Structure formats: C-alpha cells, structure tokens
Amino acid sequence: MSVRKMTPVLIVERIEPSIELWVDRLGFEKTIELPEGDHLGFAAFVREGLEIMYQTRESVETEVRTADLPKALLPVEGNRATLFCEVSDLKAIREKLQGLDILLPYRKTAYGAEELWMKEPGGHIVGFAEFPKE
C-alpha cells in the first residue's frame, strides 16, 4: 500500500474571496467548481502537481444532512488549518501577495529557511518558505 496523493480541503464560509489568491496571484487553475445556490460550494485549484480544495461550511452541513454522512465530519467552529509551502523564490511570492493579510513578512529560521506567513481570505494560515540552495 502507498499513499499516492494528499490534498488539503479547507472549510470556509465563502470560496470566492480565495480565488484571487490561488488563481490570479499564484497561477493555480480552478479545475472543479460546484455551485451551491448563488455561490460556490466546492472548488479545487491545481498547479504543477499541487492541489488545494475548498468547501463551504454550508456545503458540508448539507452533505451530512442529505447524504447520510456521519455528523463527526461537520467542521468544528473556529477550526483552521495551517499550510506550509516550500517555494523556489520567496521574493517573487512576496511580490504577488502585496496588499493581502501578511502576518509575518520575513523571518530566517534556525533551520536556514527564509519564510513569509499570511492569512488567506478563508482565515487559514499559509506559510511560504525558501530553503537555501545546496
């Protein structure tokens, strides 16, 4: 047995505010889009073998009610994820993120990485790290 892929699914109130970050600024492609009323209920974004998915809290609640999913799958209020992304050019990422909610614009870690940390529009924390070239 092997794990072939692991994709985070971030639960948010609305997906639309995160599209600018992943598509417009970071160059991901929206590959899945499932509407829920007048907004998106689920979406997936892909770039160079990486994938991130978003689902609204409302959509998860609907699935639990209508698809006989266990109530344990309901998101806990305030439950947030932190994503750690290794990048090849932190300076380029910093430029693309100008004007967004940057929590820590720069730090050099004890393990040699240079990092930037932000809060994405859904409230989750995303860190970008560039490691020294070997």
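The values are calculated or read from the model by the stated rules, or taken from the named source; none is laboratory data. Just so it is clear, the model here is predicted, and its values are computed rather than measured. Here Cβ is always computed from backbone atoms with ideal geometry, including for glycine, and neighbour counts include all displayed protein chains.
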Query raised in the report: Quick one: K91 ticks every box in (1) within 23 Å of D24 (Cβ to Cβ); (2) at pLDDT below 95; (3) not in a loop (DSSP other than H, G, I, E, B) bar one, so which box is it?
Result: (2)
**Report entry** Residue list for region 18-56, restricted to those being exposed (fewer than 15 other Cβ atoms within 10 Å of the Cβ), in contact (Cβ under 8 Å) with a residue 24 or more places away in the chain and not in a strand (DSSP E or B)
**Finding:** E20
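This table checks each residue for (1) more than 23 Å from E61 (Cβ to Cβ); (2) touching a helix residue (DSSP H, G or I) at 6+ places or on another chain (Cβ under 7 Å); (3) not β-branched (V, I, T).
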site	(1), (2), (3)
M6	yes, no, yes
V9	no, no, no
R14	no, no, yes
P17	no, no, yes
L21	yes, no, yes
L26	yes, yes, yes
I32	no, no, no
L40	no, yes, yes
A44	no, no, yes
Query raised in the report: Before we move on, is I102 touching an Asp or Glu at 6+ places or on another chain (Cβ under 9 Å), of a type outside the set (S, T, Y) and either over 19 Å from L50 (Cα atoms) or at pLDDT 90 or above (or both)?
Result: no
Query - Unique residue being at negative phi and assigned by TED's automatic domain parsing to the domain that holds T7 when the list is K91, K71, K119, K108 - result: K71
Report task. Considering only residues that are part of a helix (DSSP H, G or I) and surrounded by fewer than 11 Cβ atoms within 10 Å (Cβ to Cβ), look in region 57-72 and name the one that is farthest from the chain's Cα centre (by Cα). Result -> T66
